[in-house]
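Below: the structure, in structure tokens.
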Amino acid sequence: MSSDSDPVDDKASDSMAESSAAEEQASVVEPAAASDAVTTPAGEEPTAEEPVVEAPVAEEPAVDEPAVEEPAVDVPVAEGALPEVTLCQGAPADATADPDYTPVVRGRIDRFGVAMGTGRRKTSVARVRIRPGKGEFQINGRSLDDYFGVERDRHMVLAPLRLTGKQDQLDVHIRVNGGGTTGQTGAIVLGIARALQVLDSSLHQTLSEAGFLTRDGRMVERKKYGLRKARRSFQFSKR
């Protein structure tokens, strides 16, 4: 017996190796087919996959964050763009008066051409008569310096005449009664202003802006029952 292998034996061994490899492949395919048979039984059609429904997600409430205020920046403004500010001087200069406005005149002119005006303040009543003249001024038949001893009162009485420039052009005769010095001074000022308004209607704006045609309605508050004065109560006594 020779040491060399027989070719017939080599072919047999090769065929056996191929058959074993084919058996292994068949064993791998069979379990996959078995699994397919289990998932899809015979005689039943494969069902379509159902769509996945997502559960609604609750929306979280929005939280308002505090707004951060930006610092104010001063913007330079041109001088001509600033509005005109008037303090106690009536309407601005560019304001136009209403042409249909008719001022209320509280006074009259008699048949002799004398302008008459009545002024009131507190409990005082002043009846003023003005006519063209040389600047004579009488109060209850007395001169101004004799009737009013306080310089402040004399200055207030002559204020409407000085404002309109009529102090040396008119004669003023006044009858005043009631009240005290302060009340009579206010009544005379209102009476003179009303008489000037009647004498020359163009002076209305000047007198009105100065406040001479405004009736001061402040009065002494009356005493109340159970009180010593208007609001002052009696002194408390414990015993």
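The values are calculated or read from the model by the stated rules, or taken from the named source; none is laboratory data. This one's a predicted model, so the numbers in the text were calculated from it and none came from an experiment. When we count neighbours, we look across all protein chains shown, and the Cβ atoms used for this are built from the backbone with ideal geometry, even at glycine. The area values use the complete protein model at the heavy-atom level, side chains included, leaving out ligands, DNA and RNA. Shrake-Rupley method; radii C 1.70, N 1.55, O 1.52, S 1.80 Å.
Taken over the stretch 101-121, the criterion of being touching a helix residue (DSSP H, G or I) at 6+ places or on another chain (Cβ under 9 Å), open to solvent by 80 Å² or more (accessible area, probe 1.4 Å) and either closer than 16 Å to GLY186 by Cα or part of a loop (DSSP other than H, G, I, E, B) (or both) is satisfied by ARG106, ARG120.
Residues that are among the β-branched types (Val, Ile, Thr) and in a helix (DSSP H, G or I) within the stretch 160-182 comprise THR164, THR181, THR182, listed in sequence order.
Selection of first residues in the stretch 182-199 that are within 18 Å of ASP146 (Cα to Cα) and of second residues that are part of a helix (DSSP H, G or I) and of a type in the set (Val, Ile, Thr), restricted to Cβ pairs under 9 Å at least 6 apart or on distinct chains, gives the following pairs, ordered by first then second residue: THR185/VAL157; ILE188/VAL157; VAL189/VAL157. Selection of the stretch 183-219 for residues being loosely packed, with under 10 Cβ neighbours inside 10 Å and assigned to a loop (DSSP other than H, G, I, E, B) yields GLY217, ARG218. Condition test on VAL157, is it under 48 Å from the mean Cα position of the chain (by Cα) and assigned to a strand (DSSP E or B)? Answer is no for this residue.
Okay, residues lined up against (1) out of contact with any helix residue (DSSP H, G or I) (no Cβ under 8 Å at 6 or more places or on another chain); (2) within 28 Å of ALA126 (Cβ to Cβ); (3) at pLDDT 95 or above:
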position	(1), (2), (3)
ALA193	no, yes, yes
LEU199	yes, yes, no
LEU203	no, yes, no
GLY226	yes, no, yes
ALA230	yes, yes, yes
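For residues in the stretch 131-160 being in contact (Cβ under 8 Å) with a residue 40 or more places away in the chain and within 28 Å of ARG111 (Cβ to Cβ), which is most open to solvent (accessible area, probe 1.4 Å)? The qualifying residue most open to solvent (accessible area, probe 1.4 Å) is ARG131.
For ASP171, the conditions (1) under 26 Å from GLY113 (Cβ atoms); (2) open to solvent by 50 Å² or more (accessible area, probe 1.4 Å) all hold with the exception of (2).
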